[in-house]
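Step one of this worksheet: look at the structure below.
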Amino acid sequence: MFPERFSNLPAYAFPRLRALLDHHQPGGDVVHMTIGEPKHAFPAWVTDVISEHSYGFNKYPPNDGAPELLEAISGWLGRRYGVDFQPDRLMTLNGTREGLYNAAMALCPETKNGEKPVVLTPNPFYQVYAVAAIAAGAEPVFVNAVKENGFLPNYSALDEDVLKRTAIAYICSPANPQGAVASRAYWQTLLGLAEKYDFRVFADECYSEIYRSTPPVGALEVAVEMGIDPERVLVFHSLSKRSNLPGLRSGFVAGGPECMRRIRQLRAYSGAPLPLPLQMAAAKVWADETHVEENRRLYAEKFAIADEVLGDVSGYSSPEGGFFLWLPVEDGEAAALKLWQETGVRVLPGAYLSRDTDTGNPGKNYIRVALVAPKTEVRSALLTLRDCLYG
Ligand SMILES: Cc1ncc(COP(=O)(O)O)c(C=O)c1O
């Protein structure tokens, strides 16, 4: 006896990639450009803070977050977005992935306007959005985010009967995989739509600090400027990309007090809070920007290399944020396999991050390339990739 609702889930992107590539020999030295795992150094003092607070491993960590961590997050939100979010409007997370999932469990209603609720997700997308929708008993609706709409989903164009059933709209800015950044006008339109049709916006902003020139506008600041219902929008942030600490598992969600109360209550039953020494380290990391500036500089160098190497490839566009290239190819799977067999460079077929829809699969003709390796390796891998796929 097993649940039916997860039976149609496709295999996760990385097992699919292994099945595609691993029974073929690489054509050269292996270069990993598949997984979005940051590789730049995190601040060296992080380990000192953890050992200073190691006595905390002897304690159950506070479920709602240590006061020091909540204060540091509140301070960061104030400096970054000019908003005043006190701890009652914050909840610490073990990275954004579980938060993006658990917020849907806490907040998705059983019905919307008398019908099965809809959860909107961009397509392609970070895979937890769809599984959260299914687990919460909602119908995921995949909205293609393609070049013609700036690689961000146009939720306003959906049929009214879908919008009336919508309970939650996920949105990622800067977007994984395309690196598109939602403008102030985009947020205003989306938040206005959410007000009109009474749904919540879950803004996944975990790449917010990895940008080329201008800091991306955040959903919270726009919501505050618009004076909309504070329960309308939740933002999710993480130290994984900002501070190269994916293994620390520290993130947070910020939103309206009632949403936070419900998330906190559910987590009191089922959450697994971050160990106290790690919470104390996270507090210090949120309070420091020096390492973040350096991190951004290192990515900017690699994107400059990408522009130089791939700038004349037809359809190439330099992403505004994040650390991926989303490169047009004839067929993403065929391109990833050819690249692996001929050169040893390992990239992800775009379709492994997207779903088939009535208007096609928006990832089918793309590959995703993560610029996480050191810059000399990135340069030679991109030159190899250009010669192999666009030569
Ligand atoms: C778009 C997006 N959201 C969320 C996450 C989850 O990150 P974490 O749980 O490490 O904060 C990732 C990780 O790759 C991501 O790409």
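The values are calculated or read from the model by the stated rules, or taken from the named source; none is laboratory data. Just so it is clear, the model here is predicted, and its values are computed rather than measured. Here the Cβ is made from the backbone with ideal geometry for all residues, glycine too, and neighbour counts use every protein chain on show. Note: accessible area is taken over every heavy atom of the protein model, side chains too, but ligands, DNA and RNA are not part of it. Shrake-Rupley method; radii C 1.70, N 1.55, O 1.52, S 1.80 Å.
Tabulated data
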quantity: Check on Val224, part of a helix (DSSP H, G or I) and aliphatic (A, V, I, L, M); calculated: yes
quantity: All helices (runs of 4 or more DSSP H) inside the range 2-111 with 3 or more residues being within 16 Å of the ligand (Cβ to nearest atom) and closer than 30 Å to Tyr129 by Cβ; calculated: 13-21, 67-81, 96-107
quantity: Residue in the range 201-209 that is out of contact with any Leu (no Cβ under 9 Å at 6 or more places or on another chain), more than 16 Å from the ligand (Cβ to nearest atom) and acidic (Asp, Glu) present; calculated: no
quantity: Flag for Val292 being under 28 Å from Pro216 (Cα atoms) and either in a helix (DSSP H, G or I) or in contact with a Ser or Thr (Cβ under 8 Å, 6 or more places away or on another chain) (or both); calculated: yes
quantity: Failed item, numbered, when Gly311 is tested on (1) away from the ligand (no atom under 16 Å from the Cβ); (2) open to solvent by 10 Å² or more (accessible area, probe 1.4 Å); (3) touching a helix residue (DSSP H, G or I) at 6+ places or on another chain (Cβ under 9 Å); calculated: (3)
quantity: Subset of the range 322-356 [among the small types (Gly, Ala, Ser), in a helix (DSSP H, G or I) and either open to solvent by less than 20 Å² (accessible area, probe 1.4 Å) or touching a helix residue (DSSP H, G or I) at 6+ places or on another chain (Cβ under 9 Å) (or both)]; calculated: Gly332, Ala335, Ala336, Gly350, Ala351
quantity: Inter-residue pairs, beta-carbon under 9 Å, first farther than 22 Å from Leu278 by Cβ and in the range 66-89, second open to solvent by 50 Å² or more (accessible area, probe 1.4 Å) and in a helix (DSSP H, G or I), 6+ apart; calculated: Tyr81/Val224; Gly82/Val224; Val83/Val224; Asp84/Val224; Asp88/Pro257; Asp88/Arg261; Arg89/Pro257
quantity: Phe252, sole failed condition from (1) within 16 Å of the ligand (Cβ to nearest atom); (2) outside any strand (DSSP E or B); (3) at negative phi; (4) of a type outside the set (Val, Ile, Thr); calculated: (2)
quantity: Any hit, the range 227-239, residues being open to solvent by 10 Å² or more (accessible area, probe 1.4 Å), modelled with pLDDT of 95 or more, touching a helix residue (DSSP H, G or I) at 6+ places or on another chain (Cβ under 9 Å) and not in a loop (DSSP other than H, G, I, E, B); calculated: no
quantity: Residue in the range 148-158 that is surrounded by 18 or more Cβ atoms within 10 Å (Cβ to Cβ), under 24 Å from Ile210 (Cβ atoms) and touching a helix residue (DSSP H, G or I) at 6+ places or on another chain (Cβ under 7 Å) present; calculated: yes
